[in-house]
Amino acid sequence: RMLLCRRRWCRVVSAALNRRPWHPRQHRLRYLSTTPSSSSSSSSPLPFKPPRATTNTNNNNENRLLRQNLVQWVESQSEQGLWDICRIIRQAGGTAWLVGGSTRDALLGGCPKDVDLATDLDSNKVLEIFGPKRAEHTGEAFGTVTVTAAGANGANKYEVTTLRREGAYTDGRRPDEVVKCDRIEEDLARRDFTINAMAFDPLEGVLVDPFGGLRDLEDGVLRVVVDDEDDDEEEEEETSSAPARRLSEDGLRVWRAYRFLDDGLSRTRRPSRELDGALSSDRARAAAAAVSRERVWDEFQRTLAGWSAPEVLERMADDGALRTVFAGLRRGDEIESRGDFRVRAQHYLLRCRRRLSRRAPSGSPRGATTTTRFVSLDLEATCSEQNNTFPQEVIQLSATLFEISDEGGPRAIAEFDSYCQPVIHRELTEFCTSLTGITQSQVDGAPRLRRVLGNFERWLQQHELLEPSGGLKSDAVLLTCGSWDLGKLVPIQCRANSYNFEVPAFLTEYCDVQEVFSDRYWAGSNESNSLGTMAARLGVRRAGRAHNAMSDSRDLAAVAVAMAADGCESFPTRRA
């Protein structure tokens, strides 16, 4: 017992001396696993037993990238109140899961606008633990409570809904019966498509995926959720498939299917074989025609706004869905197929819009006339899978210098790459080596942080990027992917007692490319986007290994060049 207390006291003193605040970024590995880790499950076991195919265990690189996107978005919510809500629910004996479109969009690297949570607590219990000042019933029939959380950017509202099962849809719109359930898998089984039937527990880092939605996201497939009850009914009713029956329960699902054929980036999802047949069935067309015009138009205009709108429109014409959209046409003027001249004209206009949105304006970006040189910087740091108070230290610093000019366009100039020897924890963890590819021998023979920064400073001077004061010149911009590296990692490490020196002036002002990207491509959202998502959105092919600072620095430079070519006029800087 005395030995255990001594170890705990040493950890507390170490954290205090190094002034290392807790940050959710240190939970990264727990999130990258789709099953509960032994450490988390032993201290706080999950309140349900994993049923058949609870998680998708496909561990290819794309799978890892998608889960990394989810992790980064959840981390960005640490100051927005999401974590606080989940913790309060956990303290009350329940569990909160991120569900629906918010999980899907976060996996793809987007910024969900509406964050929905599901919980196994009753809605009245949710009202009780948060109180009338923070919570109110907004959907009492479905057990939905809107909770207000104090975030860094003001009050944020989250919809928290009790887990539920649904009965039959006799009116083609709403379930006849809504029954509370205890397992998240039962709640997910009532959803329309597999990519929308995933749930994520932020506190445990567990992604619940009973229907293979993560695999379908990777493969670009749209598939209807079919549970065991659907399989039984399909055997009894041979005339129609289970997907067709699920679509006909609520005709809006047909229109949602067409919308989700667009993946939100630059590709078109393909429907599964069952969904492909269901969309062209008479049963689906009849259900779609029964939906009110207001609901149809809401989905249709969102479909037209997608990148894959031309292809989706052709599919809708082939399935006869456009006859429902334009039901007011005179008899004989119905749109029968993609060969109709009106479909071809709309297809041409949508493709023109897509090309113009990707085309750079005449001349160079406005910022290129005054700010032509860019230094894309990336850092790798020590990390641990289990220890949440693990002090992080820089172990690799890499930079790519390039310029964007009016005459010659973008041009790569030089690169800087150096490993860095840690001081507090000299031995790299297996997790750190596996994540970054950096070995113990590479850091053992490397200089320490102060010397690495000195070498980087001389490299900047050689390329005439520094003012006499030590800061970057006005025609040079330091680019980073996120604010963590220069906003927290470097300042905290420099202040630590093991280092104790000032942050160099050339690292005190930088441009967060994630923030610029969010403002431009995600309707002004201040949330972050992963490097992989930005590259995919702009059509940039990534090269090299993820979590290698040199490779990430090159990819960040390519993303910035693509943004400039796409019409991004400036890269504003901020103080660290």
Can you tell me how many residues in the range 279-294 are crowded, with 19+ Cβ neighbours inside 10 Å and within 24 Å of Trp307 (Cα to Cα)?
2
Looking only at residues that are surrounded by fewer than 18 Cβ atoms within 10 Å (Cβ to Cβ) and not charged (D, E, K, R) in the range 295-319, which one is farthest from the chain's Cα centre (by Cα)?
Trp297
Listed by first then second residue, the pairs whose first member lies in the range 176-205 and is without any contact (Cβ under 8 Å) to a residue 60 or more places away in the chain and surrounded by fewer than 19 Cβ atoms within 10 Å (Cβ to Cβ), whose partner is among the small types (Gly, Ala, Ser) and assigned to a loop (DSSP other than H, G, I, E, B), with beta carbons under 7 Å and at least 6 positions apart or on separate chains, are Asp176/Gly167; Asp176/Ala168; Glu177/Gly167; Lys180/Gly143
For the range 443-456, which residues satisfy the criterion of being surrounded by fewer than 17 Cβ atoms within 10 Å (Cβ to Cβ) and either among the basic types (Lys, Arg) or out of contact with any Ser or Thr (no Cβ under 7 Å at 6 or more places or on another chain) (or both)?
Asp444, Gly445, Pro447, Arg448, Arg450, Arg451, Gly454
Within the range 90-102, take every residue that is buried (at least 20 other Cβ atoms within 10 Å of the Cβ) and modelled with pLDDT under 90 and give me the one that is nearest to Lys157 (Cα to Cα).
Ser102
Among the candidates Gly454, Gly532, which residue alone is in the same structural domain as Tyr419 (by TED's automatic domain parsing), on the phi < 0 side of the Ramachandran plot, among the small types (Gly, Ala, Ser) and without any contact (Cβ under 8 Å) to a residue 24 or more places away in the chain?
Gly454
Do any helices (runs of 4 or more DSSP H) entirely within the range 258-317 hold 2 or more residues that are among the polar types (S, T, N, Q) and farther than 11 Å from Leu247 by Cβ, and if so, which?
293-304
Please specify each residue of the range 109-122 satisfying the condition of being farther than 14 Å from Lys157 by Cα, surrounded by fewer than 24 Cβ atoms within 10 Å (Cβ to Cβ) and modelled with pLDDT under 90.
Cys111
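State yes or no: is Thr146 at pLDDT 90 or above, of a type in the set (Val, Ile, Thr) and crowded, with 20+ Cβ neighbours inside 10 Å?
Working: at pLDDT 90 or above: yes; of a type in the set (Val, Ile, Thr): yes; crowded, with 20+ Cβ neighbours inside 10 Å: no.
No: the conditions fail for Thr146.
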Number of the exception - Ser405 against (1) touching a helix residue (DSSP H, G or I) at 6+ places or on another chain (Cβ under 7 Å); (2) in contact (Cβ under 8 Å) with a residue 40 or more places away in the chain; (3) surrounded by 14 or more Cβ atoms within 10 Å (Cβ to Cβ)
(3)
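Can you pull out every residue in the range 541-576 that is assigned to a helix (DSSP H, G or I) and touching a strand residue (DSSP E or B) at 6+ places or on another chain (Cβ under 7 Å)?
From the range 541-576, those assigned to a helix (DSSP H, G or I) are 549-565; that's our starting set.
The answer is Ala549, Met550, Asp552, Ser553, Arg554, Leu556, Ala557, Ala560, Val561, Ala564.
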Which count do you get for residues in the range 475-500 that are closer than 23 Å to Val559 by Cα and touching an Asp or Glu at 6+ places or on another chain (Cβ under 8 Å)?
6
Filter result (among the acidic types (Asp, Glu), within 18 Å of the chain's Cα centre (by Cα), within 16 Å of Gly100 (Cβ to Cβ) and not in a strand (DSSP E or B)) within the range 174-224
Asp209, Asp216
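The values are calculated or read from the model by the stated rules, or taken from the named source; none is laboratory data. Keep in mind that this is a model prediction, so the values were computed, not measured. Quick reminder, even Gly has a Cβ in these numbers, built from the backbone with ideal geometry, and neighbours come from all protein chains shown.
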